[in-house]
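Heads up: the structure comes next, in C-alpha cells.
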Amino acid sequence: MTLGIETSCDDTGVCVLRGQREELASRIAGQNADHAPFGGVVPERASRRHQEVLLPLLQEVFAEAGVNNPARELDLIAVTAGPGLMGSLLTGVMCAKGLAQAWELPLIGVNHLEGHIFANVTAFPELTPPFLSLIASGGHTELVLVRALGDYRVLGRTRDDAVGEAYDKVAKLLDLDYPGGPEVDRLAGSGDPGSFAFPVPMKNSDEIAFSFSGLKTAVLWVVRACRQAGADLPGADICAAFQHAAVSALLAKIRLAARRTGVSRVAVSGGVAANSELRRRMALLDDLETYLPPRGLCTDNATMIAAAGYSAWRRGVRSDLSLAPDPSLPLPLL
Ligand code: KG4
Ligand code: ZN
C-alpha cells in the first residue's frame, strides 16, 4: 500500500494505491480560484495553499481508503521530488519525510515526469516497454523513449514554451477564463480551423523538438490586427486554428519519433492529453498503438506518483530522509 503525495505546482494530490494500479482513494485539491485573479500560478500562494490542505486531504483519503493505522497498514510513501516550484515541492517532501520518520516507513522521491509516464502505465496493464511517451503539460513538452520502466531517454523537448503554456497564453490574449487550456479547447469546438493559416511549429524540421512561442506570436498579431480594425474578435475561429496547428505539431513529432526508433506504441499524458482534438486525432493514427489516460489522470495527480514510486521501489530504488526537492530534476537525454 503506497501513500502518494503530489505538490509540484498548484494541485495538491494525495492517494492510497494498492499494488501497481488499484486506487483505494485519490483526492486533488486544485487552486484555480486562488490564482485566477493573477492569470497564472503565484508560487508563494501555491505553497501556502498546499500546506493548508495537505493534512486534511490526507485524513479524507485515509478515511475513504479504510486506513486506520497508517504506520501498520501502509508500506511505502512516494512523493514528488521535482521538477516543479521549490516552495510547492518543499511542502510535499517535508510532509512525506515527517510521516516516513514518524511511521517508520520507506520513502521514495519521484520525478514528476516519470509520474506523468506512469499515468498511462497505471491505466493500461497492457502497456509495456518499449514505448514512446509524450508529456504535454503546462510546464513540459517532452517526448521520451521508455526503454524499460525506470530507463528513460528524452528524445526531444520544447525549445521555448510548453504546449499547455501556449494554450494558457492564447487564452489570456483572448481574455478567456483561467486556466485557459480547457477554455480554448471548448471554444475551438465551435470554430473553423481553416479560418487562419497559423504555422505548424517545426513542421519542416527533421529534429525531434517542439517550439510554441512563434505560434503564440502569430495569434497575437491576428488579435492585434482585429482590435486595431475595431472588428469583433473571432475567438472560436482563432482557438480552432491555433489548436489545429498546436496538435499537428505534437502529432508530427510523434510520427517522426516512431519512425526513428521503430517503436509504435505511443502514450500521451500531462494536462494537454485531456485536449479533445488531440484525443480525436490520436485515435486516427492507425499505424500506431496509442494510449491516453482518463482525463483525471492527465492533469497532475497523486495516483501517477504513487504508481511510479511503487514501481521504483520494486526495482530496488530507495530514498532516505536526506531527500531534498530539486526544482529542475531532469530525465536523462538520449
Ligand atoms: O499536467 P498539468 O495539470 O500541470 C503541469 O504539470 O503543468 O497541466 C496543466 C496544463 C495547463 O497549461 C492547462 O491549460 C492544460 O494543461 N490543459 C489543456 C486542457 N486541459 C488542461 N490544454 C488543452 N486542452 C485541454 N482540454
Ligand atoms: Zn504535471
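Each reported figure results from applying straightforward, stated rules to the coordinates on display, with no laboratory input. Worth saying up front: this structure is predicted, and the values here are computed from it rather than measured. Quick reminder, even Gly has a Cβ in these numbers, built from the backbone with ideal geometry, and neighbours come from all protein chains shown.
Listing for the model above:
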read-out: Radius 13 Å from Cβ of L334, net charge of other residues (Lys, Arg +1; Asp, Glu -1); value: +1
read-out: Computed over the chain, Cα set: Rg, Dmax in Å; value: 20.1, 68
read-out: For region 207-227 versus region 9-54, the gap between their alpha-carbon centres in whole angstrom; value: 30 Å
read-out: Cα extents of region 174-243 along the three principal axes, largest first (Å); value: 40, 26, 22
read-out: Region 98-142: C-alpha gyration tensor shape, a/c 1.5 cut-off, then a/b vs b/c; value: oblate
read-out: Estimated D of region 1-158 in µm² per second, where Rh is the Kirkwood radius over Cα pairs and Stokes-Einstein applies at 4 °C, 1.567 mPa s; value: 79 µm²/s
read-out: Set of lysines with alpha-carbon distance to K172 below 27 Å, sequence-local pairs under 8 removed; value: K203, K216, K253
read-out: 222 nm mean residue ellipticity, helices alone, for the chain (DSSP H n ≥ 4; -39,500 (n - 2.57); rounded to 500); value: -14000 deg cm²/dmol
read-out: Contour excess over end-to-end distance, with Cα ends at S328 and S205 and 0.36 nm allotted per residue; value: 41.5 nm
read-out: log₁₀ of I(q)/I(0) at q = 0.10, 0.11, 0.13 Å⁻¹ - region 171-300, Debye sum with one point per alpha carbon; value: -0.35, -0.42, -0.58
read-out: For region 129-170, average projected area of the Cα convex hull in nm²; value: 2.9 nm²
read-out: Förster radius 25 Å - calculated FRET efficiency between A63 and R18 (Cβ-Cβ, nearest 0.05); value: 0.95
read-out: Gaussian network model of the chain, springs between alpha carbon atoms under 10 Å - residue of G270, G115, G30 with greatest fluctuation; value: G30
read-out: Candidates S213, S137, S269: whichever shows maximal mean-square fluctuation once the chain is modelled as a Gaussian network with Cα springs under 10 Å; value: S213
read-out: Alpha-carbon radius of gyration plus Dmax, which is the widest Cα pair, for region 258-301 in Å; value: 11.1, 32
